[in-house]
Every structure is written in structure tokens, then in C-alpha cells.
1. Answer yes or no as to whether Pro584 is crowded, with 21+ Cβ neighbours inside 10 Å and over 20 Å from Ser25 (Cβ atoms).
2. Please pick out the residue among Arg368, Arg384 that is modelled with pLDDT of 95 or more and under 13 Å from Met346 (Cα atoms).
3. State all residues of region 499-557 that are small (Gly, Ala, Ser) and outside any helix (DSSP H, G or I); if no residue qualifies, say none.
4. Residues that are acidic (Asp, Glu): find the helices (runs of 4 or more DSSP H) completely inside region 171-272 holding 3 or more of those.
5. Mind listing just one residue for me: the one in region 270-301 that is surrounded by fewer than 24 Cβ atoms within 10 Å (Cβ to Cβ) and within 16 Å of the ligand (Cβ to nearest atom) and, of those, nearest to Glu216 (Cα to Cα)?
6. Do you know which residues across region 39-53 are surrounded by fewer than 20 Cβ atoms within 10 Å (Cβ to Cβ) and free of Cβ contacts under 8 Å to residues at least 60 places away in the same chain?
7. Going through region 316-332 one residue at a time, which ones are part of a helix (DSSP H, G or I) and either farther than 21 Å from Glu253 by Cβ or touching a Lys or Arg at 6+ places or on another chain (Cβ under 6 Å) (or both)?
8. The conditions are (1) in contact with a Lys or Arg (Cβ under 7 Å, 6 or more places away or on another chain); (2) over 24 Å from Arg188 (Cα atoms), and Ala45 fails exactly one of them. Which is it?
Amino acid sequence: MNKILSFLLAFFVVIQSHAQAPQISIIPQPAEVRVGEGGFLINAATSIFYDASNKEAVRAAALFNAALKRAAGFELMPIAGPSKNTIHFSIASNYNLGKEGYTISVKQDKVQISASQGAGLFYGMQSLLQLLPKEIEGSKVVNDVQWNLPVVEIRDQPRFGWRGLMFDVSRHFFTVAQVKEFIDDMARYKYNLLHFHLTDDQGWRIEIKSLPKLTEVGAWNVKKTGRFNFFTPPADDEPRNHGGFYTQEDIKEIVRYAKEQYVDVMPEIDVPGHSLAAVASYPDLSCTPGKYKVNSGDPFMDWHDDGTFTALIDNTLCPANEKVYTFLDKVFTEVAALFPFEYIHMGGDECAKTFWENNPQIMELMKREKLKDMHEVQSYFVGRVSNIINSKGKKMMGWDEILEGGSLPASAAVMSWRGTKGGIEAAKLGHEVVMSPTTHAYLDYMQTDGAIEPPVYAMLRLKKAYEFEPAPEGVDDKFIKGGQANLWTEQIYNMRHLRYMVWPRAFATAEAVWSPKSSRNWNNFVGRVEDHFKRFEVADKKYAPSMYDPLVKVKKNPKGGLLVDFDSEVDGLSIHYSFDNSFPDHHYPAYEGKSIEVPVDAAPIKLISYRNGKPIGRMMTVSIDELKKRSEKK
Ligand code: ACM
């Protein structure tokens, strides 16, 4: 190419990039970003360079090329050495950014992604994709897009090594293909740990060859539609054909697929509570053998206001029964062989002791082992399980209840879900800890008012999720492995709603576990979330726009009647409302930050948020009776 032509081309690149003014919107926010002037335009003449003898470099380059092929209709041709108009994927030991760190250098004439190891290069590639226009997320070729990268220098590495999402496939079963989609989404946002909740009262999801009834019986319940936990109990003759399980070949495939995206898979076998599917398969494992059925979402536990609960059906394995430990030895032998990850999670949460109290076998065990109370009984069980798991060459992790009863083996790790209290206590005792508190990391909770979302008993708004801090003050950081968000699927019946529940809150968790603490900035985050919403739209993936929906706060008016206030998470919205059943457009009264008196004869309140005169939230309708009810609540 002659000099004048290449100068003109370079000039063209600059003009194009200015015209597009690409904004940098990477989630999770990288540790360091320095934006320059201009851009690098990728087109069919751009080449790609990587070490063809390095499998991981080949894969990162191939994934990048696959995205381009899908959305831009062309691939970058590999060349034998670095050159102009080239994207260079480089793995070399001298980058000093840990195994997951990377740098990206976009100049006007070349791009380089560098990392010490394959994981870093993979994350660099993910960030590079996020630097491209949103159309890169599409599955059809678009011709009218300039595939422009902004000139930028990025230096990035994660804050924590454990960046998890928990996926409950027991309450509702998700296919191998859907689990893979879940992993794809995780990897895009630099999560590296899939906590696979494989067993619970509603289904046993993993084939255990030596215990075939677990999946012949335990994987199936009765299909119900509506609000989980409120279903009518199934009749005896209703077909139990709803559910499913993963064969051992399926599990190997999931583990392999995840590993290719630098995601480890930690299995959870939840015992001794949450075990109705196991007990339905092998009733002898219960302290109260009888006839049990896998739960179908009908209530079987009484939850009290103080957080305690009473079981109406015995859903536990019996700690006083030696058959239980033989059973668990078989289970963990097969589980350990399938999952290369160093930890196995044994659950341990929410174990109802209702049927243990006064049970003769338990009384006998307490006498023999000098156990004072039910916590110590569970602690005895946890100790036995820990020995079994350790004997398979694995470390044990459990929910924070495993601290109760006081004799947790030092090697056990604790996942703190009832706030961070258990995690803090565990770290002080020298246990490794992963934080996943309900207050900030429970993705099954509502994101906004139950008037416009499937109602769940608690709420976790995006802003609160963004305030998640996995390493509390006063705790030695070296015990905090990281954090994760948990997706329980009682109310999640399909992949569309699954994504709605996960995103954008998992953007927030991704930042909590990856980005420097000092980079937290809510308004900046909201801007990037909005850019990623557009990416989800291009990809035709559902997400929750709930951050735009105001909350309705109601209190009693000292003068009589009710007062309402609206609380918005996002700045710059105006909330318009009506009390006469008509649709509040943007000329209706706007909330001005002062309590509004509810008229004596008001129709249900309707409200909706607008930005620049355009509706951005969803219209919410709350009846006056509901407002009255809420005003009674403390
Ligand atoms: C839990 O949410 N029961 C760990």
C-alpha cells in the first residue's frame, strides 16, 4: 500500500471512531482504564496473530473470531507475526497480573491483549468484545455497523479468586443446554465458579449409579403452575413425570464445557435437611421411615416470623442411622470422581429438627456421643460428612449453619448466607469463607414491588446488590475467598425468567468480586448497566428493568388516611401517578419528594416513571386495601 493511501486509511479510521464516539462500558469495571483519542476499525482486512502452538491462545482467538463471524459476517485471518492492522492475542509469563489478569492495548494501528495465562487472555477477550458495538451480541450478520474499538489501555485483574453464582437446578430442572447458557453468561462477566445446587426436597438431579432410585424416584414430581409453596398437594394418582436429572455423562460434559470458559463447578449435595427427594427414594434414611413423596411445591414447612421453622413432613437424613453414612459414602465417592474442583458443598442449611427431638434413635446417639442439644447432633453429622468428603480427597464446604454445635473441623470452609455474621465468625476461627448474604446476594428475591413482579417474601434491589462487600472490616482478608450470588429457583420456571432474575443484579455481584473497591460508583454503574441492557436486547435475552420502577412507601397520615412516597433508585426520573384509574402519562402530577395524601375515595394508585418524557419504568397498580395493609406493617 502506498504511503498516501495508508495515511488516508488511518485518517478514515480516526474520523470513523470520532463519528461513533464509542463509550467504554465494561462490566465488571476493570482495575485501570485509560482512554485515548480515536479508534481501531476492525474489518475484513484486519488480521489476527497468536501462538498457534498454545491451545488457550488458539481458543481465545477462535472465540473472538466466532463472535465476529456471527455478527459481522467475516473472520480475521491469522498471520505469522505481529503487524499493523492486527489483533494480537499474547500469552507470556512476564505480564505479572496473576493467572486471571490481562492487559488490553488498543492503538489506532494495532491491538494487543496480553496475559500470563489462558484465563487472563480469555477475560481480556471478553473485555475486548465489550469494547465493540452492542451489535456484536447478535446472532445475525449486520452490515451497517462500524466495528470500531476505542483507543484505550486497560490493565485488569480480579479482587477475589472466588467469583461465584449458585444455580439451583433442584427446585426446577434445567437442561444441559440451559446450564451451558448459564455458564456462557457467567463467563462473559468473569465469574469463575458455578455452585451447582443438585439436590433438594423437590428433586435429586445427579445420577448415582450405585443408588439408582435417587433418580428413578427422586428426580420426579408433579408439574404445577402458579405460585410455588402455595400449590395444592398433589393427589396420589397424579403423574410424577416432571423434572429430570443429569446422567454422569451429562455432568462430565457440563464440567468440561465450564472448564473451557475457566469456570469451575462445585457440586452441592444438600444434607441433612432439604433431603426429601433422597428420603422419598430411600425412606430408610429417615429417622421416621414411612411413605414419602418428592415435594411438588406444596407447603410442608411452617416458617415463623422469627426465622425459625417447624417441619410438617420429615425431610431430613437421620444422623443416628449408620445406613445414612454408608449412603453418603456412596454418593460422595461418585460425586468426587465427577467433579475435579477441590471442594464439595454439603449444604447443612435449614435443617428442621422437629422429627429428631424425642426420637429414640437420636436420644440414644446423644447419650452415646454426649451431645447436649440438636445443634450438637447436627454438628456430629457434619463431622462425619466431613470425614467422608475428606476421604475422597476433597475439602468440605457448607452453609453457615455448619458452625452451630461448635465442633466444625478446621479444614471445613463456610459459605455465609444469613448475613455476613457466620462468615465473620468462621474467619475468626480460621475457616475459609465465601460470602453470599441474603441481604445483598439473593437473586431469587424480588427486585421491585410485588405488584409488578412475581411476589417473593423478600426484596433485593439492584442498588443494594451493588453495595455487596465480601470482605468485612475487622476480618483477616486471607480467610475470605470471595463472594457469590445465589439463584434459588422455586419461582423460576423457564430460562427467560431465569435471566430476568439474574441480570442485572449479577452485574453488581460481578463488580463486588472483581473490581477494586475504590471503583464503586453507583451512577457510573447504572450507565454501564444501561449499555448492557442494550446488549441483552440485541441478544434477545430477558433482563429486569426493575431499577427504573419506584417503590411505593406508605404510612399512616397523623391527620387520618394514608401518605405515600415513591423511592427511585435511578437519578433523573420523574414519577407520575393517578388515583382515578386513568393511565398517568408524563403530564400527570409528578412526585416532588413530599408525601402525597391518598384521597379518601381514591381508586388504586397507578404510577410510572419517565425519563425525558418517555416511559422507562413499568406501570404499577397498587390497591388501596394493599396500601392499608402495608401501612400496618412495622
Ligand atoms: C439457603 O438459602 N437456605 C442457604
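1. So Pro584 passes the test.
2. Arg384
3. Ser515, Ala539, Ala544
4. 176-188, 248-260
5. Phe300
6. Answer for region 39-53, where residues must be surrounded by fewer than 20 Cβ atoms within 10 Å (Cβ to Cβ) and free of Cβ contacts under 8 Å to residues at least 60 places away in the same chain: Ala44, Ala45, Ser47, Asp51, Ala52, Ser53.
7. Glu322, Lys323, Val324, Tyr325, Thr326, Phe327, Leu328, Asp329, Lys330, Phe332
8. In the conditions (1) in contact with a Lys or Arg (Cβ under 7 Å, 6 or more places away or on another chain); (2) over 24 Å from Arg188 (Cα atoms), Ala45 misses (1) alone.
The values are calculated or read from the model by the stated rules, or taken from the named source; none is laboratory data. A quick note: this is a predicted structure, and the numbers were derived from the prediction, not measured. Neighbour counts are summed over all protein chains in view; Cβ atoms, including those assigned to glycine, are modelled from backbone coordinates with ideal geometry.
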